[in-house]
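Below: one structure, written as structure tokens.
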Amino acid sequence: MEDETEKQKKHLAMVERLSKRPQSRPTNAESSAESTSSFLSRFSELKTSIDFQLHQSQSLSSDPPNLKLHFQNISQSISDLEKLVAQNSYLLPSYDVRTSLKTVSDLKLSLQNITNQLIPKTKFSFKNKPTKKDPKDTAIPQPKQLPQPSIPGTRLAARESPGFRNKVGEVLVAEFRGSEVGEFAVSDLDSCEVRIIGSVRALFVHRLKNSRVYVGPVTGSVLIEEAEDCVFVMASHQIRIHSARKSDFYLRVRSKPIIEDSNGVRFAPYCLSYRGIEEDLRGAGLDAESGNWENVDDFRWLRAVQSPNWSVLPESERVGIIDISNLKNGDEEI
Amino acid sequence: MGLLSIIRKIKRKEKEMRILMVGLDNSGKTTIVLKINGEDTSVISPTLGFNIKTITYQKYTLNIWDVGGQKTIRSYWRNYFEQTDGLVWVVDSSDLRRLDDCKLELDNLLKEERLSGATLLILANKQDIKGALTPEEIAKVLNLEAMDKSRHWQIVGCSAYTGEGLLEGFDWLVQDIASRIYMLD
């Protein structure tokens with residue numbers, strides 16, 4: 001009997017609680033509905049403006065430099081839009097998050113389509129740069145003998161790592177077969193191509209512009225700081241990328257690659273080849289593809305939604321296998 | 001023997017120490033911790049956040065806080081300062097270019113009041129890499145001699161890759177902390 005009354009009491013209490021709920025609800029629902037609708041109106045406003053910009057592209061097709069700039073602007077607007085979605089992803093109903101993200105990816109796709117249509121893609125090749133030099137100058141098997149110009153600034157260490165520094169428009173080749181190599185530095189290059197055959201323990205990359213860097217296995221870690229309009233093809237145990245813009249990375253990594261303060265970076269699997277690379281990769285424990293090239297952690301984007309700062313390089317835009325075995329002098333082409 | 005005295009005895013026996021591992025990104029903090037603990041070090045991703053390892057070392061229990069060193073998350077280091085007995089500053093001895101960064105961050109850390117009593121071990125890591133600076137060179141670059149006289153500090157060259165030097169460093173660290181904290185036993 002006592003049980004019964006106890007049960008009834010509980011039931012009553014529950015009914016009372018339930019009856020109170022609807023009173024508190026509307027205010028919550030209202031405020032979230034309000035923020036949703038304000039987000040949606042802001043979103044559609046931005047989308048309309050991007051659509052309009054995309055539409056305008058045709059009229060600029062006769063003016064390539066401006067067209068490029070125009071596309072950059074659109075790309076910026078799209079990534080702003082993506083950020084807006086991410087910032088509101090906590091508040092929004094999941095349906096709205098999904099549809100917004102879909103809209104963003106559709107916009108990206110139409111931008112890509114229209115870009116491909118109006119700006120013919122430059123094919124990747126090993127064509128020579130105008131600043132062609134005597135092959136003896138460009139092939140440098142012993143990088144340590146390079147004159148090492150001092151870089152202004154406060155450098156605390158008394159010496160520098162072996163490496164390639166301060167070059168413009170050159171092909172720089174280093175070959176490390178059977179020789180023990182510690183750390184190697186590649187810094188302050190503009191429009192250069194770097195080829196490192198064999199493996200090194202640690203690689204430091206700093207301030208590169210419009211350059212291509214192809215390296216064999218790095219048994220320790222790679223640290224990249226400040227790169228713009230570059231292509232990197234590298235295999236390593238660890239890879240950290242800081243302050244990179246508009247660059248493509250073809251990687252094989254044992255752990256997750258990370259980016260920080262970067263944007264417009266794209267990732268694809270490793271695609272380098274030279275005679276004996278399999279052996280070098282095996283020796284470095286990098287013979288198996290881990291699939292980690294696309295498991296990128298963005299330290300500036302600790303959210304569940306995909307970071308707008310990096311993407312997977314679409315297969316249609318990837319370069320094929322890059323073979324650097326016969327290219328020591330830089331005058332052969334693939 | 002009463003229950004209380006037994007409990008007291010047990011409590012005194014599990015001597016805990018709190019160790020904070022910091023340093024620039026890519027210096028090898030996580031690798032060092034895993035190596036000391038005898039774990040696999042072949043696949044380690046850069047630390048997003050922190051790891052805590054509890055290790056029994058000699059007769060002490062070490063709580064090691066390994067905090068990520070990427071620029072973005074350095075500002076969170078201060079969340080871990082409280083009650084730190086030992087501070088381990090890890091240096092990538094092969095990263096010559098960022099030594100000034102390294103010095104700057106260490107100087108900032110040592111200004112921190114909450115760390116003023118902590119024993120400082122500087123590990124000049126990656127000694128196995130050809131071309132790495134020696135511990136003496138690192139000490140000079142970081143200007144360690146100019147440190148506050150009240151600080152207990154030591155620099156030790158090591159390689160998290162081979163394991164060399166790690167035990168030497170941690171032996172000194174643990175002994176120094178023990179002599180400060182458990183002097184009375």
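So if I restrict to the alpha-carbon atoms in the stretch A:154-323, what is the Rg, and what is Dmax, the biggest pairwise distance, in Å?
Computed over the Cα atoms of the stretch A:154-323, radius of gyration and Dmax are 15.2, 47 Å.
Using only DSSP helix segments of four residues or longer, with each worth -39500 (n - 2.57), what per-residue ellipticity at 222 nm results for chain B after dividing by its residue count and rounding to 500? Intermediate results must be reported in sequence, preceding the final value.
Numbers: 6 runs with 59 residues, N = 185.
It lands at -9500 deg cm²/dmol.
Taking the Cβ of A:THR103 as the center, what net charge do the other residues with Cβ under 12 Å away carry, scoring Lys and Arg +1 and Asp and Glu -1?
Residues near A:THR103 contribute 0 overall.
Excluding ligands, DNA and RNA, what is the solvent-accessible area per residue of chain B at a probe of 1.4 Å, expressed in Å²?
49
Near B:LEU115, within a Cβ-to-Cβ distance under 15 Å, what is the net charge of the other residues, with Lys and Arg +1 and Asp and Glu -1?
-1
Longer than 32 Å from Cα to Cα, which of A:LYS108/A:LYS209; A:LYS246/B:LYS29; A:LYS83/B:LYS111 are they? Say none if no pair is.
Values: A:LYS108/A:LYS209 26 Å; A:LYS246/B:LYS29 30 Å; A:LYS83/B:LYS111 37 Å.
Table pairs above 32 Å Cα-Cα are A:LYS83/B:LYS111.
Given H placed 1.01 Å from N in the peptide plane, which residues other than close sequence neighbours of A:ARG252 have an amide H under 5 Å from its amide H?
It is A:MET234, A:ALA235, A:SER236, A:TYR270, by chain and number.
Given a Förster radius of 60 Å and the C-beta distance between A:ALA288 and A:ARG17 as r, what FRET efficiency does 1/(1 + (r/R0)^6) yield to the nearest 0.05?
Here the calculated transfer efficiency is 0.55.
Under a plain spin-label model, where a point goes 7 Å from the Cα along Cα-to-Cβ, how far apart in nm are A:GLU228 and A:GLU278?
Here the modelled spin labels are 4.2 nm apart.
Work out which GluC sites (Glu not before Pro) in chain B are exposed loop sites (DSSP not H, G, I, E or B, at most 15 other Cβ within 10 Å) and give the longest gap free of them.
With a cap of 15 other Cβ atoms within 10 Å, the longest stretch comes to B:113-163.
When only DSSP loop residues count, what trypsin sites (Lys or Arg not before Pro) in the stretch A:173-238 have their Cβ near at most 14 other Cβ atoms within 10 Å?
A:ARG177
Along Cα→Cβ, 7 Å out, is where each label goes; now give me the distance between the ones at A:ARG303 and B:TRP172 in nm to one decimal.
Taking the two extended label points, one gets 4.7 nm.
Leaving out ligands and nucleic acids, note down the accessible area per residue over the stretch A:154-323 with a 1.4 angstrom probe, in whole Å².
35
Mean-square fluctuation check for chain B, GNM, Cα pairs under 10 Å: which of B:LEU104, B:LEU20, B:LEU133 is largest?
Largest GNM mean-square fluctuation: B:LEU104.
Extending each Cα 7 Å along its Cβ direction at B:LYS149 and A:LEU101, get the distance between those two points in nm, one decimal.
The modelled label-to-label distance comes out at 6.2 nm.
Pick out, in residue order, every one of the GluC sites (Glu not before Pro) in the stretch A:163-234 that is DSSP loop and has at most 15 other C-beta atoms within 10 Å; say none if there are none.
Answer by residue number: A:GLU180.
Within 10 Å, Cβ to Cβ, of A:VAL186, how many net charges do the neighbouring residues add up to if Lys/Arg are +1 and Asp/Glu are -1?
Net of charged neighbours comes to +2.
Using only Cα atoms, what Kirkwood radius does the stretch B:141-185 have, in angstroms?
On the way: mean 1/r = 0.0812 Å⁻¹.
About 12.3 Å, per the Kirkwood formula over Cα pairs.
Using a Förster distance of 41 Å, how high is the FRET efficiency between A:ASP51 and B:THR162, based on the Cβ-Cβ distance and rounded to 0.05?
That pair, A:ASP51 with B:THR162, gives E of 0.10.
Across peptide B:40-49, what mean number of C-beta atoms from other chains lies inside 10 Å of a residue's C-beta?
Mean partner shielding for this stretch: 5.
Please compute the length gained on full extension between A:ASN295 and A:GLN112, using 0.36 nm multiplied by the number of residues separating them and subtracting their Cα-Cα distance.
63.5 nm
How tilted is helix B:166-181 with respect to the longest principal axis of chain B? Cα atoms for both, answer in degrees (0 to 90, nearest 10).
Value to nearest ten degrees: 50.
Report the A-B buried area as the accessible area lost on both sides summed, probe 1.4 Å, in Å² to the nearest 100. Please list the in-between numbers first.
Working: alone 19470 and 10420 Å², together 26970 Å².
Approximately 2900 Å², summed over both chains.
The values are calculated or read from the model by the stated rules, or taken from the named source; none is laboratory data. The shown structure was predicted, so the numbers you read here are calculated from the model rather than taken from an experiment. Quick reminder, even Gly has a Cβ in these numbers, built from the backbone with ideal geometry, and neighbours come from all protein chains shown. Surface areas here come from the heavy atoms of the whole protein model, side chains and all, with no ligands, DNA or RNA. Shrake-Rupley method; radii C 1.70, N 1.55, O 1.52, S 1.80 Å.
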